[in-house]
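Enquirer: Got a structure for you, questions after.
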Amino acid sequence: MTHAMLKGSNVPVEAAAVRAVVCWSPSPEVSVVDASALLLAADGRVRSDDDFVFYNQPRHPSGTVWSLGKRRLGSSMRDTIQADLARVDTEVERVLLVASAESLPFEGVRDLRLLLLDAAAGENAEPYASFEIRPETGAETALICGELYRRGGEWKFRALGEGYSNGLIGLATDFGITVDESAAPDPGPTPEPAPVPVPVPAYDYPQPPTAPPAPYGYPQQPAPDPYGHPQYEPDGGLPLMGPQFLR
């Protein structure tokens, strides 16, 4: 029999291990929803960052809480967290079951619900509990869907539906997770300004001297070239070899 949960209601959990399944219908606005879990001690906070099970850390070091990943079932998508309640450390009093939607508001997530199943039952077994989640404002980007908690040595499940508008990071920070914000890209050193080109004054080349007119009857001789250009024989032959060609 499935217990249809209302926000704030609770139900005993008799199974030794459970699967918490976050379900939604994908849309163009929101295609991915991530399920995660936080293991909290008596003070309501994690003992270390290891107590956060999410997509970048899919398994708790104790091996008692882990992610089973996403899969499609018909028109619905599912992301599942499994908890072996019989082996969870006695210091852990609550396991929060969380959903986040890539920093997008949950007003765009359709048919959001949490199913709680006995992990020993088959995949098509009837859920132990079902909670239809309706965000209060729609602006939430992370939600505590529910929690597994100890009471008198036994485990219970409570439906919550509490939202955060600052995403999974804001939610996790509230429960003691250390978020490293130093991973922002280094802009690098400030580039030095490009040098301003200095105008080079035009060189005033000396004018070649004017040869005096040759006496009548003598052949015209070429004027000396002050720039060292190759000289040619008057009959158009090979250039005269100067030092600039001996390289």
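Enquirer: Residue-wise, which Karplus ³J(HN,Hα) couplings in Hz belong to region 6-15, taking 6.51 cos²θ - 1.76 cosθ + 1.60, θ = phi - 60°, and x for glycine or proline?
Expert: My calculation for region 6-15 gives 9, 4, x, 7, 9, 8, x, 10, 8, 6 Hz in order.
Enquirer: Amide H to amide H, which residues 5 or more places from ARG94 or on other chains are under 5 Å from it, using H placed in the peptide plane?
Expert: Under 5 Å from the amide H of ARG94 lie the amide H atoms of LEU40, each far enough along the sequence or on another chain.
Enquirer: Let me ask something additional. THR90 to GLU136: FRET efficiency via 1/(1 + (r/R0)^6), r the Cβ-Cβ distance, R0 30 Å, to the nearest 0.05?
Expert: Efficiency computed from Cβ-Cβ geometry: 0.30.
Enquirer: Quick one: length gained pulling GLU29 to LYS7 fully straight, 0.36 nm per residue minus the C-alpha distance?
Expert: Additional length available on full extension: 5.3 nm.
Enquirer: Next up: Give me the net charge for the shell around VAL21: Cβ to Cβ below 11 angstrom, other residues only, Lys and Arg +1, Asp and Glu -1.
Expert: In short, +3.
Enquirer: Show the residues, 5+ positions off or on another chain, whose built amide H is closer than 5 Å to the amide H of ALA129.
Expert: Correct list: HIS3, LEU116.
Enquirer: Given H placed on each backbone N at 1.01 Å, which residues far from SER165 in sequence or on other chains put an amide H within less than 5 Å of it?
Expert: THR141
Enquirer: How much of the accessible area of region 14-79, in percent, comes from carbon and sulfur atoms when a 1.4 Å probe is used?
Expert: 50
The values are calculated or read from the model by the stated rules, or taken from the named source; none is laboratory data. Keep in mind that this is a model prediction, so the values were computed, not measured. No Cβ is skipped: glycine too gets one built from the backbone with ideal geometry, and neighbour counts run over all protein chains shown. The area values use the complete protein model at the heavy-atom level, side chains included, leaving out ligands, DNA and RNA. Shrake-Rupley method; radii C 1.70, N 1.55, O 1.52, S 1.80 Å.
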